[in-house]
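Undergrad: Pasting in a structure now, in structure tokens, and then I'll have a few things to ask.
The values are calculated or read from the model by the stated rules, or taken from the named source; none is laboratory data. Here the structure is a predicted model, which means the values were calculated and not measured. Glycine gets a Cβ as well: all are built from the backbone with ideal geometry, and neighbour counts include every protein chain shown.
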Amino acid sequence: MMEFVRVRWPFGGFPWATLGLSISATPLRSSAQWIGASGWSVLIVSLCAVAVLWIRRRRGAGAVVSLVAVVVLLGVFGLIAPATADGEEVRVAMVQGNSPCPGTRCLGERVAIYEAHLALTRQIEPGSVDLVVWPESSTGFSAHPLTNPAVAEAVAAEAVRIGAPILVGGDRSDGEANFINSNAFFDERGVFVGEYRKVHPVPFGEFVPFRPLLDWIPPLARVPRDMTRGSGPVLFDLEAGPIGSVISYEGAFARYERQMIAEGARLLIVATNEASYGDSPASDQFLAISRVRAAEFGTDIVQVAVTGKSAIISASGELRGVTGLFESALVIESVSMRSAGPTLYSRIGDLVATLTILALGGAIVRDRLSTSPRVVRSGADPKT
């Protein structure tokens, strides 16, 4: 129950390190297409609870056997019928330009990052790919295509030369007190088609809750403006079908990618920065999360980071084209558009976890009511 709440509250929740994500590197991952990571959290907690009950009181052996059987069956069926994106093949170029000063914000960093991504993009042969993806913050502010005509012209020229759309991540001012974080889409003609604006800002990273009360804390001076939230899913069209994108932190939440799938996305893009992760395990952890997300939705995911790690993640959760940390890299890989209908998890979401919590709450209430002392009216016979 606490995990269910933690993923949603406060400030939109924090999904990192939920129990269900522990299946990421196991054969059980494919079964996420039916119950999702949240369903696996329920199974893991239930199995541990009944195992403890059996060990301490020698009760619940039947429940242990039943839950183990469910786990085995899910694993077997996941291996027999893994989630696959078996539609049209698309060639994707992931551009990881790196930063001259990751995580420290040196002078001219944003322009240098943009120029690094542009230089790598110029290495792509015309006609060799169907989509080019730049990560979050690969452009920004003075080097943003929607505020700097020279940047827009350069990106558009590359889209025309290559003959493929380019998805470009970047942030720009929105008045004096706010900014916008978005993925901008330029089609193969070099025309700006539209943008997806990030919906879920990072607490204390992209906005400061209760700012008037907390502004005195020195580190918060690094977050002088709050992100303007986007309004919801936006899809972009390739010849092979529509694609959806989320930005950084949003990729850890199943609900945002599920919204993209519900709108008709057949390929998912996770554009991220990750410079603030440093050389910690966080980049690997994020890829592990996306492996489960890919299996949940049966959809290939292209995850591209400024400083790494970037990777292609198949619908079954396998990794390809993984880059290193703090390196410049251009990776061209094939992905498949999803042709089948939505997975069961895409349809029902966290229903398994929700019903379990409701059942648990009902059981607690019933237990409290059944153990409450009876109130006997004066003069009444307590035996009647």
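Undergrad: Would a scan of the stretch 178-188 turn up a residue that is out of contact with any Lys or Arg (no Cβ under 6 Å at 6 or more places or on another chain), surrounded by fewer than 17 Cβ atoms within 10 Å (Cβ to Cβ) and aliphatic (A, V, I, L, M)?
TA: There is no residue in the stretch 178-188 that is out of contact with any Lys or Arg (no Cβ under 6 Å at 6 or more places or on another chain), surrounded by fewer than 17 Cβ atoms within 10 Å (Cβ to Cβ) and aliphatic (A, V, I, L, M).
Undergrad: Restricting attention to the stretch 58-97, which residues are over 13 Å from Gln33 (Cα atoms) and not aliphatic (A, V, I, L, M)?
TA: Arg58, Arg59, Gly60, Gly62, Ser66, Asp86, Gly87, Glu88, Glu89, Arg91, Gln96, Gly97
Undergrad: Could I ask something else about it? Is at least one residue of the stretch 269-283 surrounded by 19 or more Cβ atoms within 10 Å (Cβ to Cβ), in the same structural domain as Asp187 (by TED's automatic domain parsing) and among the acidic types (Asp, Glu)?
TA: Scanning the stretch 269-283 turns up at least one residue that is surrounded by 19 or more Cβ atoms within 10 Å (Cβ to Cβ), in the same structural domain as Asp187 (by TED's automatic domain parsing) and among the acidic types (Asp, Glu).
Undergrad: Do the conditions hold for Ser137, that is, is it modelled with pLDDT of 95 or more, among the hydroxyl-bearing types (Ser, Thr, Tyr) and at positive phi?
TA: yes
Undergrad: Identify, by number, the condition in (1) under 18 Å from Gly170 (Cα atoms); (2) in a loop (DSSP other than H, G, I, E, B) that Arg110 doesn't meet.
TA: Only one criterion is unmet by Arg110, namely (2).
Undergrad: A further question follows. Answer yes if at least one residue in the stretch 169-185 is touching a residue at least 24 places away in the same chain (Cβ under 8 Å), out of contact with any helix residue (DSSP H, G or I) (no Cβ under 6 Å at 6 or more places or on another chain) and more than 17 Å from Ser142 (Cα to Cα), and no otherwise.
TA: Looking for residues that are touching a residue at least 24 places away in the same chain (Cβ under 8 Å), out of contact with any helix residue (DSSP H, G or I) (no Cβ under 6 Å at 6 or more places or on another chain) and more than 17 Å from Ser142 (Cα to Cα), one finds at least one in the stretch 169-185, hence yes.
For every residue, the table says whether it meets (1) outside the structural domain of Gly241 (by TED's automatic domain parsing); (2) crowded, with 17+ Cβ neighbours inside 10 Å; (3) closer than 25 Å to Met2 by Cβ.
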{"position": "Leu287", "(1), (2), (3)": "no, yes, no"}
{"position": "Arg291", "(1), (2), (3)": "no, yes, yes"}
{"position": "Gly298", "(1), (2), (3)": "no, yes, no"}
{"position": "Leu325", "(1), (2), (3)": "no, yes, no"}
{"position": "Ala329", "(1), (2), (3)": "no, yes, no"}
{"position": "Ala359", "(1), (2), (3)": "yes, no, yes"}
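Undergrad: So which helices (runs of 4 or more DSSP H) are wholly in the stretch 1-106 and hold at least 3 residues that are under 20 Å from the mean Cα position of the chain (by Cα) and modelled with pLDDT of 95 or more?
TA: The helices (runs of 4 or more DSSP H) meeting that bar are 32-57.
Undergrad: Scan the stretch 39-82 for residues that are in contact with a helix residue (DSSP H, G or I) (Cβ under 8 Å, 6 or more places away or on another chain) and β-branched (Val, Ile, Thr) and jot them down.
TA: Val42, Ile44, Val45, Val50, Val64, Val68, Val70, Val71
Undergrad: Starting from the stretch 254-282, keep only residues that are on the phi > 0 side of the Ramachandran plot, then list their pairs with residues that are of a type in the set (Val, Ile, Thr) whose Cβ atoms are within a distance under 7 Å, requiring at least 6 positions of separation or different chains.
TA: Close Cβ pairs (under 7 Å, with a partner that is of a type in the set (Val, Ile, Thr)) amount to Glu274/Val306; Glu274/Thr307.
Undergrad: Within the set of pairs 6 or more residues apart or between chains, which connect a residue that is within 17 Å of Asp279 (Cβ to Cβ) inside the stretch 84-113 to a residue that is of a type in the set (S, T, N, Q) with Cβ atoms less than 6 Å apart?
TA: Going by the 6 Å Cβ cut-off, the qualifying pairs are Gln96/Ser310; Gln96/Thr323; Asn98/Thr307; Asn98/Ser328; Ser99/Thr307; Pro102/Thr307; Gly103/Ser276.
Undergrad: Quick one: count up the residues across the stretch 27-50 that are without any contact (Cβ under 8 Å) to a residue 24 or more places away in the chain and either surrounded by fewer than 16 Cβ atoms within 10 Å (Cβ to Cβ) or in contact with a Ser or Thr (Cβ under 7 Å, 6 or more places away or on another chain) (or both).
TA: Number of matching residues: 2.
Undergrad: Looking at the stretch 192-237, which of the residues that are farther than 16 Å from Gly251 by Cβ and touching a Leu at 6+ places or on another chain (Cβ under 9 Å) is surrounded by the most Cβ atoms within 10 Å (Cβ to Cβ)?
TA: The selected residue is Phe236.
Undergrad: Could you list all residues from the stretch 113-141 that are under 21 Å from Phe185 (Cβ atoms), among the polar types (S, T, N, Q) and part of a loop (DSSP other than H, G, I, E, B)?
TA: Across the stretch 113-141, the qualifying residues are Ser128, Ser137, Ser138.
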